[in-house]
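Notes for the one structure printed next.
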Amino acid sequence: MITQGFIETGLNAIRDALVAAADRAGLTLAEKHVTRHAARRFRSTVRQLENILRRLIVLLAAQLDLAPAPPRAPHRNDPLNPAKAGTSLGQVQPQDTPRPKTPRPYHFALTPKAGFDPDKLIALRERQKAGLAQSYRNCTGIRPLLNRFQTLMRHLDRPERLARRMARHLARLRAAGAMRPICPPPQHTHRLGHELGVIADYLPFAIGDALAGWYDTS
């Protein structure tokens with residue numbers, strides 16, 4: 001039986017591995033660029049740590065008893081009902097008002113889609129913004145890397161919100177008669193160190209036990 005101590009140990013091990021990866025990559029606020037090799041190695045490590053976090057979130061979600069989330073209400077800015085959007089019928093809402101551009105935070109996908117790597121798209125945009133300056137030919141900006149680092153650290157500090165989302169997601173799948181989620185064995189766990197590697201190797205068995213009652217109708 002998986003205990004809360006096992007999950008806490010896993011979260012702490014992910015946090016230590018993430019900080020170590022950031023140190024190896026040279027992510028500091030004093031620098032604006034790192035080598036592309038360091039960025040690729042950091043992103044590879046973070047993808048592996050994010051996958052372990054998702055599996056720990058499944059274990060947390062399995063301990064919750066939440067009903068499927070109700071359908072979402074119509075968007076508050078629905079053009080068919082301007083009164084709900086905060087504009088009276090006697091007012092004309094400006095259409096060409098420029099909106100300030102702010103960088104979007106990194107989105108941690110609860111169930112990532114296969115075949116699409118958002119890091120490659122972000123890296124491509126960063127290279128286009130930075131230009132092809134000769135001095136930074138072999139470098140890349142650290143802003144998206146720091147953004148991803150901070151997002152993962154925030155979820156590690158407070159994983160309860162992700163657990164509730166995952167619990168509702170699993171409840172919807174089960175209510176729809178979907179097959180039990182499959183957790184394949186992880187790869188390259190030897191790169192994670194002994195403690196985190198053991199946790200990563202054991203998680204597929206732990207998730208199988210946690211979802212053992214998936215097909216129960218009682």
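Figures for the structure shown
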| item | result |
| --- | --- |
| Residue that is least open to solvent (accessible area, probe 1.4 Å) [pool: residues in the range 164-218 that are assigned to a helix (DSSP H, G or I) and of a type in the set (Asp, Glu)] | Asp201 |
| Residues (among the small types (Gly, Ala, Ser) and modelled with pLDDT under 90) located in the range 133-174 | Ala133, Ser135, Gly141 |
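The values are calculated or read from the model by the stated rules, or taken from the named source; none is laboratory data. Note that the coordinates shown come from a computational prediction; the quantities given were computed from them, not determined experimentally. Please note that ligands, DNA and RNA were not included when accessible areas were found on the heavy atoms of the full protein model with its side chains. Shrake-Rupley method; radii C 1.70, N 1.55, O 1.52, S 1.80 Å.
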